[in-house]
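So the structure is just underneath, and the comments pick up after that.
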Amino acid sequence: MIAIRKAQNSDVDAIFALRSRSIIAKCAGFYSEEQLDFWTQGEVTTEFTRDVIDNFYVSVIAGQVIGSGKLNIATGMLDAIFVEPEFFGKGAAKQMLVFLEALAIKHNLPSLKLDSTLNAAPFYRGCGFIGEQVSSYHSPRGITLDCVPMSKNLLV
């Protein structure tokens, strides 16, 4: 059974590591080896740690962090929905997305936005997000990647 809770300082390393494993496993074939290497290299930064503490949630099974997700309440921007590869296709990403959508509704956000990786765009469309146009995402880490800007209206 998956539980979702607010991320803590003690989750930072686990989130950073699962992020890299998820990117390598899911994004291969959509991005070049060079892009994947650059995207997943480096160390945990002070900025990343602060972002995790302020904006991240984690999916946990038996005390193990198996997924992450981020919602910026001020902007309605979703990000960093990553799942450990052994949990791909088992509903963990969708459960996190549903949790973050409910949190956004609780905070009276009219809509959500995200920049989807090319491989994840069909998943987000299946969850009600709209967006087809490929654009460029400029990561704080200094990499530029193709993405699909998407949005979902939360107002009924």
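Side notes on the structure shown:
- Taking the criterion of being open to solvent by less than 50 Å² (accessible area, probe 1.4 Å) and under 12 Å from the mean Cα position of the chain (by Cα), the residues of the range 95-120 that qualify are 96, 97, 100, 114, 116, 117, 120.
- Any chance residue 123 is closer than 28 Å to residue 64 by Cβ, in contact with a Phe, Trp or Tyr (Cβ under 8 Å, 6 or more places away or on another chain), not basic (Lys, Arg) and not in a strand (DSSP E or B): no
- Any hit, the range 121-130, residues being touching a Gly at 6+ places or on another chain (Cβ under 9 Å) and either hydroxyl-bearing (Ser, Thr, Tyr) or within 26 Å of residue 14 (Cβ to Cβ) (or both): yes
- Residue in the range 130-149 that is in a loop (DSSP other than H, G, I, E, B), of a type in the set (Asp, Glu), farther than 25 Å from residue 20 by Cβ and in contact (Cβ under 8 Å) with a residue 12 or more places away in the chain present: yes
- Residue in the range 121-155 that is nearest to residue 37 (Cα to Cα), counting only those that are open to solvent by 70 Å² or more (accessible area, probe 1.4 Å) and among the β-branched types (Val, Ile, Thr): 134
The values are calculated or read from the model by the stated rules, or taken from the named source; none is laboratory data. Since we're looking at a predicted model, the values are computed, not measured. When we count neighbours, we look across all protein chains shown, and the Cβ atoms used for this are built from the backbone with ideal geometry, even at glycine. Only protein heavy atoms, including side chains, enter the accessible area calculation; ligands, DNA and RNA are left aside. Shrake-Rupley method; radii C 1.70, N 1.55, O 1.52, S 1.80 Å.
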